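The values are calculated or read from the model by the stated rules, or taken from the named source; none is laboratory data. The shown structure was predicted, so the numbers you read here are calculated from the model rather than taken from an experiment. Here the Cβ positions follow ideal geometry from the backbone for every residue, glycine too, while neighbour counts run over all protein chains shown. Only protein heavy atoms, including side chains, enter the accessible area calculation; ligands, DNA and RNA are left aside. Shrake-Rupley method; radii C 1.70, N 1.55, O 1.52, S 1.80 Å.
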Amino acid sequence: MIKIGLLSDTHAHWDDRYATYFADRDEIWHAGDIGSEALADRLAALKPLRAVYGNIDGQELRARFPKVACFQVEETRVMMTHIGGYPGRYAPEIRPRLYAFRPGLFISGHSHILKVMFDKRLGCLHINPGAAGLSGFQRVRTLVRFTIDGPAIKDLEVVEMR
């Protein structure tokens, strides 16, 4: 069993509550638009960090993190990218790789819109944690916490930061 803290679109904004919300997590995952190496370093100092770069991220972050990450946690195949779309409207660039990899969990960011949906066609859960940073149109900043236990994704919790 592994406990995950998931965020996206921080745009270099650090919030001290990240440390509180992720204190009991085993890993932190960032779905892109990190915004600065300093922010990535602060997150990585809290817990092991898995991340992908986003469209605003510079060369340093692009050298450090992949555009698409495919990995397995417990018995769950995970695919994470910044611009991925959502079930029924996947980004054309990611669609072939998504259907070839067939993850049990697909994570993307970019839209700043929190979305959790199950894709019956792929048999996978899609999570976009919304935006945890200050940049963008969102009125409420969000992040997500959940647990992967074998093949199960459970205890999903949305945290609203006002």
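Whole-Hz Karplus ³J(HN,Hα) for the stretch 132-148, in order, using 6.51 cos²θ - 1.76 cosθ + 1.60 and θ = phi - 60°, x for Gly and Pro?
Those phi angles translate into 9, x, 8, 6, x, 8, 4, 8, 10, 7, 9, 8, 10, 10, 7, 10, 10 Hz.
Which residue fluctuates the most in the chain, going by a Gaussian network model with Cα springs under 10 Å, if the choices are 41, 33, 57?
41
Could you pull out every residue, at least 5 positions away or on a different chain, whose amide H is within less than 5 Å of the one on residue 110? Hs are placed 1.01 Å off N in the peptide plane, and Pro or chain starts have none.
Those qualifying (amide H under 5 Å, at least 5 residues apart or on another chain) are 9.
Order 89, 97 by their accessible area, 1.4 angstrom probe, all chains in place, largest first.
Solvent-accessible surface, decreasing: 89, 97.
Among 62, 162, 139, 25, what's the order by accessible area (1.4 angstrom probe), most exposed first?
From most accessible down to least: 139, 162, 62, 25.
Just the Cα atoms of the chain, one point each, no solvent: what log10 I(q)/I(0) does Debye give at q = 0.18 Å⁻¹?
Cα-only, vacuum Debye calculation for the chain: -1.08.
Applying the Karplus parametrisation 6.51 cos²θ - 1.76 cosθ + 1.60 with θ = phi - 60° to the phi angles of the stretch 3-12, what ³J(HN,Hα) value in whole Hz is obtained for each residue in order, glycine and proline being reported as x?
3J(HN,Hα) across the stretch 3-12, in whole Hz: 9, 10, x, 10, 9, 7, 6, 7, 6, 6.
Could you work out which residue, out of 120, 47, 67, moves most in a Gaussian network model of the chain, that is, has the largest mean-square fluctuation with Cα springs under 10 Å?
120
Using amide H atoms built in the peptide plane, which far-off residues or other-chain residues are under 5 Å from residue 12 H to H?
Placed amide hydrogens put 35, 36 under 5 Å from residue 12.
Mind checking which of 150, 104, 58 has the largest fluctuation in a GNM of the chain, springs on alpha carbons under 10 Å?
Checking each option, the largest mean-square fluctuation is seen for 150.
Exactly which GluC sites (Glu not before Pro) in the stretch 2-90 are in a DSSP loop and have at most 16 other Cβ atoms within 10 Å?
Answer in residue order: 74, 75.
For the stretch 83-162, state which chymotrypsin sites (Phe, Trp or Tyr not before Pro) are in a DSSP loop and have at most 13 other beta carbons lying within 10 Å of their beta carbon.
137
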